[in-house]
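First the structure, in the form of structure tokens, and then the observations on it.
The values are calculated or read from the model by the stated rules, or taken from the named source; none is laboratory data. Please read these numbers as outputs of a predicted model, since none were measured by experiment. Reconstructed Cβ throughout: ideal geometry from the backbone, glycine too, with neighbour counts over all protein chains shown. Each accessible area value is taken on the protein alone, full model and side chains, heavy atoms only, with ligands, DNA and RNA left out. Shrake-Rupley method; radii C 1.70, N 1.55, O 1.52, S 1.80 Å.
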Amino acid sequence: MSEIIAQYGTIFLAMAVIFGFFMAWGVGANDVANAMGTSVGARAITIRQAVLIAMVFEFAGAALAGGEVTETVRSGIISLENSGLEQNPELLVYGMLSSLLAAGVWLLVATQRGWPVSTTHSIVGAIVGFAVVGISLDSVNWGQVGSIAASWVVSPVFSGLIALLLFLSVQKLVLDTEDPLANARRYVPWYIFLVGFVISTMTMIKGLSRTGLELNLAQTLFTATVIGFITMGLGILLLRRLALDVEDEGHELDNLEKVFGVLMVFTACSMAFAHGSNDVANAIGPLAAVVGVVQTGGVFAQESSVPYWILLLGGAGIVLGLATWGYRVIMTIGRKITHLTPSRGFAAELAAATTVVIASGTGIPVSTTHTLVGAVLGVGLAKGISALNLGVVGRIILSWLITLPVGAVLSITFFFIFRAMFG
């Protein structure tokens with residue numbers, strides 16, 4: 001048993017819980033705001049409704065499909081064979097505490113400035129930083145880091161293209177027709193079906209497989225189709241209850257956006273569930289790693305189940321983050337990049353979800369943040385480059401580029417502080 005872990009184990013656990021909650025708060029303030037930003041920015045839902053949706057669906061996603069193993073450690077970012085962590089398990093504890101605190105601090109700064117950054121890249125940068133300096137250069141799987149960096153370019157471009165095509169289909173089928181409202185009522189249910197199909201596919205491929213529920217491709221597609229039709233039926237019921245002013249032709253645009261607003265409620269709920277089932281691991285993965293090492297007295301387990309209380313802690317932190325500071329990034333995504341309406345916003349959210357589905361199926365690591373921003377840019381481009389606020393876009397891209405190095409530098413700093421404090 002490691003003497004340092006035996007002596008300071010309780011302190012390490014307390015720090016891990018505090019830092020893990022802080023990181024989860026950052027995920028809620030920054031990352032959940034990305035998922036909700038398009039819906040709020042398009043005025044399909046209010047910020048208060050976004051918080052309520054997040055409370056229900058983020059929690060449901062984390063609790064039902066968030067049963068992660070400690071993948072932050074065993075996903076290949078740190079190569080255990082070359083790490084020597086079996087002899088010095090306290091180094092892992094220092095490193096994971098440093099990573100949580102570093103990523104949390106960076107998310108605090110980014111959110112305060114309204115920058116939508118990737119929580120995944122924040123924690124990856126932090127882990128790489130402490131591993132290089134605290135363990136060795138060889139302990140990092142640089143191939144994995146390289147593929148993450150490549151996804152910075154691939155995911156926003158791909159989602160932007162899908163969003164552009166989706167919105168062009170809306171223009172052709174609905175907006176540029178002789179009777180847009182009638183065509184909206186005709187085609188919006190099929191877009192709602194698409195939302196249900198894509199998001200359920202995303203959840204089953206990327207989320208539910210980790211709970212032990214293994215479905216093959218045919219079973220996944222069949223289940224997703226059934227869920228799509230159920231979602232479509234619910235959407236049709238909501239559309240029939242809409243109060244539309246069909247007498248006054250001057251309200252035709254308002255009526256159209258009300259119809260697409262129903263669609264955006266579905267995208268908001270499903271994105272929150274999918275986010276909760278996957279990205280909560282950014283906060284609880286390192287926390288679970290520390291808990292596992294401390295409880296075993298320093299025995300390094302590559303796979304360990306996440307205790308349920310950690311999932312609940314992560315879910316609570318995420319909801320609190322969105323409720324307190326989430327509006328800052330919501331304003332950037334939803335209002336400052338380009339003018340969003342429900343007919344444009346749904347295309348952005350659905351494009352982002354589709355990108356994550358395809359990436360999950362092919363094993364490419366992507367960021368929800370990058371895909372959503374790329375999708376919003378794609379929708380904006382449908383109106384021409386002048387529709388984009390290029391100053392805001394430039395600041396967002398700069399914040400992406402500095403996320404990994406900033407996370408690494410902060411993590412290295414905290415790592416040396418903790419090593420000096422505890423020996």
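Within the range 394-422, the residues that satisfy the criterion of being open to solvent by less than 60 Å² (accessible area, probe 1.4 Å) and among the small types (Gly, Ala, Ser) are Gly394, Ser399, Gly407, Ala408, Ser411. The set of residues from the range 110-125 being more than 21 Å from Thr38 (Cβ to Cβ) and open to solvent by 30 Å² or more (accessible area, probe 1.4 Å) comprises just one member, Gln112.
Does Val124 qualify as being part of a helix (DSSP H, G or I) and over 16 Å from the mean Cα position of the chain (by Cα)? Criteria not met by Val124. Residues in the range 163-202 that are surrounded by fewer than 24 Cβ atoms within 10 Å (Cβ to Cβ) and more than 30 Å from Ser367 (Cβ to Cβ): 16 in all. Among the residues of the range 117-162, those that are at pLDDT 80 or above, in contact with a Leu (Cβ under 8 Å, 6 or more places away or on another chain) and within 20 Å of Gly394 (Cα to Cα) comprise Val117, Thr119, His121, Ser122, Pro156, Ser159, Gly160.
Ile53 satisfies every condition listed in (1) at pLDDT below 80; (2) under 20 Å from the mean Cα position of the chain (by Cα) except (1).
The rows are residues; the columns are (1) farther than 24 Å from Ala272 by Cα; (2) part of a helix (DSSP H, G or I); (3) modelled with pLDDT of 85 or more.
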position	(1), (2), (3)
Thr177	yes, no, yes
Arg185	yes, yes, yes
Ile199	no, yes, no
Met204	no, yes, no
Thr223	no, yes, yes
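Taking the condition of being at pLDDT 80 or above and open to solvent by 30 Å² or more (accessible area, probe 1.4 Å), how many residues in the range 39-50 meet it? Selection size over the range 39-50: 3. Of the numbered criteria (1) at pLDDT 85 or above; (2) open to solvent by 60 Å² or more (accessible area, probe 1.4 Å); (3) not basic (Lys, Arg), the one His251 fails is (1). Condition (residue is at pLDDT 75 or above, farther than 21 Å from Asn30 by Cβ and either open to solvent by 10 Å² or more (accessible area, probe 1.4 Å) or out of contact with any strand residue (DSSP E or B) (no Cβ under 9 Å at 6 or more places or on another chain) (or both)) applied to the range 386-393: is it met by at least one residue? Checking the range 386-393: at least one residue is at pLDDT 75 or above, farther than 21 Å from Asn30 by Cβ and either open to solvent by 10 Å² or more (accessible area, probe 1.4 Å) or out of contact with any strand residue (DSSP E or B) (no Cβ under 9 Å at 6 or more places or on another chain) (or both). Can you confirm whether the range 67-89 contains a residue that is assigned to a helix (DSSP H, G or I), at pLDDT below 85 and hydrophobic (A, V, I, L, M, F, W, C)? Yes, the range 67-89 contains a residue that is assigned to a helix (DSSP H, G or I), at pLDDT below 85 and hydrophobic (A, V, I, L, M, F, W, C). One residue stands out in the range 345-373 among those that are closer than 18 Å to Val393 by Cα and over 14 Å from the mean Cα position of the chain (by Cα): the one that is modelled with the lowest pLDDT, namely Gly345. Out of Leu287, Leu312, one residue alone is modelled with pLDDT of 75 or more and open to solvent by 20 Å² or more (accessible area, probe 1.4 Å). It is Leu312. Residue count for the range 126-139, restricted to those that are open to solvent by less than 10 Å² (accessible area, probe 1.4 Å) and farther than 13 Å from Thr413 by Cα: 1.
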